[in-house]
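Comments concern the structure below.
The numbers here are math on the coordinates, done by the rules we state, and not lab data. Not measured: the values here are computed from a predicted model. Heads up, the Cβs are rebuilt from the backbone with ideal geometry, glycines too, and the neighbour counts pull from every protein chain shown.
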Amino acid sequence: MSNQKLMGLMQDDFPLNLHHLRRRMISCHPDAQVATLTEQGVVRARFGEISQRVDRLARVLAQLGVERGDRVGTFAWNNQRHFELYMAVPCYGAVLHTLNIRLFAEQLTYIVAHAQDEVIFVDDSLVPILEQLASSLPGVRHYIVMGDGEMGSLPNALRYEELMEQAGAGSFDYPEIDEREAAALCYTSGTTGNPKGVLYSHRSISLHSTATLMTDALALSKNDRALVVVPMFHANAWGIPHGAALAGADLVMPDRFLQAEPLAKLITSERPTVLGCVPTIFADLLRYADEHPELDLSSLSNCACGGSAVPKQLMRDFEERHKVRIFQAWGMTETSPVATYARPPQDSQHDERYWQTRAKQGKPLPWVELRIAGTSGEEMPWDGQSTGEIEVRGPWIAARYYNDESGEEKFHDGWLRTGDIASVDEQGFVQITDRAKDVIKSGGEWISSVELENEVMSHPDVIEAAVIAKPDERWAERPLCCVVVREGADVSAEDLLEHLRGRVAKWWLPDEFAFVKEVPKTSVGKFDKKVLRGRLQEGSLEGRVTVN
Ligand code: AMP
């Protein structure tokens, strides 16, 4: 028999699109809940009710004149309405464009124009920010304000709830959607050049969210309640909202209340089992929880942390003092974003080796292929030692940027060059040592700023540490460590050096520390080393102490 005859006997043309998630919410998980924190307390809705609102919202999109393939902007926190848009816009056949509310005005203006957003849904609490930009967004036909707050001077502003009311009840006649059609658009938060658009397809989101549900990844299930702190405007909130729709997990949404106090209280009262967020927020939460033993965070048995390297000590302290388990994930906007996940091989022995593995970025998820490329592009061995730039490919990895040729060098032969430097061990565990642009090359050898930071942050009085390269006549570059110490703590540069001795190679020991008030952060909460390097260069980096 020819191969042709052996093909097509499965339903291979069943589309992997978000209609399945939408249908599943109604048919399998009508009782799953979305709980949103508001000023008046927690507002709840079941998936069954939300599905009906998604139908209404699809009708609203039609009334607004949104057409198939149009980009629809959101300027919103993590809340129920944003989740409704996550479902309605792609199922309607349009593209959900989540705008990063923390970007600079010029970047936002650029992005809205580049994506050609004509309609933007905005939370009332964010109207004051958008108002200031509105005059430079001539292409936007309508602003839809979510909530009862002021609409300010936004031109052509309409109210979400009024439109929903007018849209009437009943099901919506959704279009059939090819799985390769675009579902969502998110721009990178890169600090150099213009942000670049990553266009996720229905297929990529379906496969990515399915993979993140697996036991060796986020392992979301119908028994979970997921507290979504990672912003829904950044890389689909790591796929957690989509995963919850598939699995039937509850979603707990903090809206704009992202400080440690409201978060810790929300955890104590809502008892989420899963929390996804970046290390800086986890660190704030840890400090707050330490100071408030009356709060109980122990429901969090399965947290995901990533976006930047997760300090080993942070995971350890949380686990030992609060029974909160954090697993590390790695990825980027271009990888949907989850590409690797760090479930330790066996967790019976909590020895140093076990924690070393926990501090790694993890194994590639099924369907993600990964290799590391040496300086001349040669493939490096997986021996836990050799380092090189991570390259990835797979069904939820970007093949190119949206309408932008400037980033073409990042894509070659079907692989994405990530700009992250790492080693991979014999078990496939990836360990990131640096961003390519942050590497420190001292006397011809690389020093891992990530590893150094990790060790400095294991000092009990250190809150943040960011290591940058300082030009050096003899060694070309030497590490300079910027630290933030706990308020009231008396820590000297010598103490830090002493702490590092024996933990890192002698020639890695920083020559200089800078005691700073805060490490500057990017719009998505990563250490912004470019700003620190700039301060060093112009001589404005505070609190510098030379040692060694
Ligand atoms: P973004 O596209 O803004 O999500 O940024 C992606 C970048 O964040 C990656 O290329 C890494 O440099 C960094 N990153 C994400 N997760 C981790 C992690 N677990 N450890 C170290 N760096 C990370």
Could you check the simple spin-label distance between ARG503 and ASP383, using points 7 Å along Cα→Cβ, in nm with one decimal? 2.8
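Which shape class, rounded, prolate or oblate, goes with region 181-274 when its Cα gyration tensor gives a ≥ b ≥ c as root eigenvalues, a/c under 1.5 marks rounded, and past that a/b bigger than b/c marks prolate? Before the final figure, lay out the partial values.
Numbers: a/c = 2.63, a/b = 1.27, b/c = 2.08.
Since a/c reaches 1.5 but b/c is at least a/b, the shape of region 181-274 is classed as oblate.
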Spin-label model distance (nm) - ALA399 vs ARG435, 7 Å beyond Cα toward Cβ: 2.8
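What's the ranking of 59-70, 280-291, 368-379 by average number of surrounding C-beta atoms within 10 Å, highest first?
Working: 59-70: 16.6, 280-291: 18.9, 368-379: 14.5.
The most tightly packed comes first, giving 280-291, 59-70, 368-379.
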Please go through the residue pairs LYS312/LYS506; LYS196/LYS410; LYS265/LYS363; LYS410/LYS530; LYS470/LYS506; LYS196/LYS360 and name each one whose alpha carbons sit more than 23 Å apart in this structure. LYS265/LYS363; LYS196/LYS360
HN-Hα couplings for region 198-214 via Karplus (6.51, -1.76, 1.60; θ = phi - 60°), in whole Hz with x for Gly/Pro, come out as 10, 9, 7, 9, 4, 5, 5, 5, 4, 5, 4, 5, 5, 5, 5, 6, 4
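What is the antiparallel percent of DSSP beta bridges lying wholly in region 399-548, to the nearest 5? Walk me through the intermediate numbers first.
Values: 24 of 29 bridges.
Approximately 85 percent, going by the DSSP bridge assignments.
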Per Stokes-Einstein, at 10 °C and 1.306 mPa s, what whole-number D in µm² s⁻¹ belongs to the chain, with the Kirkwood radius over Cα pairs as the hydrodynamic radius? 65
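Region 150-202: which GluC sites (Glu not before Pro) are DSSP loop and have at most 11 other beta-carbon atoms within 10 angstrom? Provide the component values of the computation, followed by the final result.
Details: sites: GLU150, GLU161, GLU162, GLU165, GLU176, GLU179, GLU181; in loops: GLU150, GLU176, GLU179, GLU181.
Counting only loop positions with at most 11 other Cβ atoms within 10 Å, the GluC sites (Glu not before Pro) in region 150-202 are GLU176.
For the chain, what does -39500 (n - 2.57) per DSSP helix run (n ≥ 4), summed and divided by total residues, give at 222 nm, in deg cm²/dmol to the nearest 500? Walk me through the intermediate numbers first.
Working: 15 runs with 153 residues, N = 548.
Helix-only estimate at 222 nm: -8000 deg cm²/dmol.
Taking a ≥ b ≥ c as the square roots of the eigenvalues of the Cα gyration tensor of region 79-210, is the shape rounded (a/c under 1.5), prolate (a/b larger than b/c) or oblate? Numbers along the way, then the final one.
Values: a/c = 1.99, a/b = 1.08, b/c = 1.84.
Oblate.
Just for the chain, what percent of DSSP beta bridges are antiparallel, to the closest 5?
Details: 53 of 90 bridges.
Here the share of antiparallel DSSP bridges comes out near 60 percent.
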What whole number of Å gives the distance from the Cα centroid of region 329-359 to the Cα centroid of region 410-455? 16
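Given axes a ≥ b ≥ c from the Cα gyration tensor, I'd like to know whether region 474-525 is rounded (a/c under 1.5), prolate (a/b larger than b/c) or oblate. Walk me through the numbers on the way to the answer.
Details: a/c = 2.16, a/b = 1.26, b/c = 1.71.
Judged from the Cα gyration tensor, region 474-525 comes out oblate (a/c at least 1.5, b/c at or above a/b).
Which FRET efficiency value, to the nearest 0.05, is calculated for ARG141 and GLU261 with the Förster distance at 35 angstrom and r the Cβ-Cβ distance? Kindly include the intermediate steps, with their values, before the conclusion.
Numbers: r = 40 Å, r/R0 = 1.13.
After rounding to 0.05, the efficiency reads 0.30.
Work the Kirkwood hydrodynamic radius out for region 438-546: mean of 1/r over every pair of different alpha-carbon atoms, inverted, in Å.
One over the average 1/r among Cα pairs gives 13.9 Å for region 438-546.
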Quick one: check the C-alpha center-to-center distance for region 127-166 versus region 216-234, whole angstrom. 29
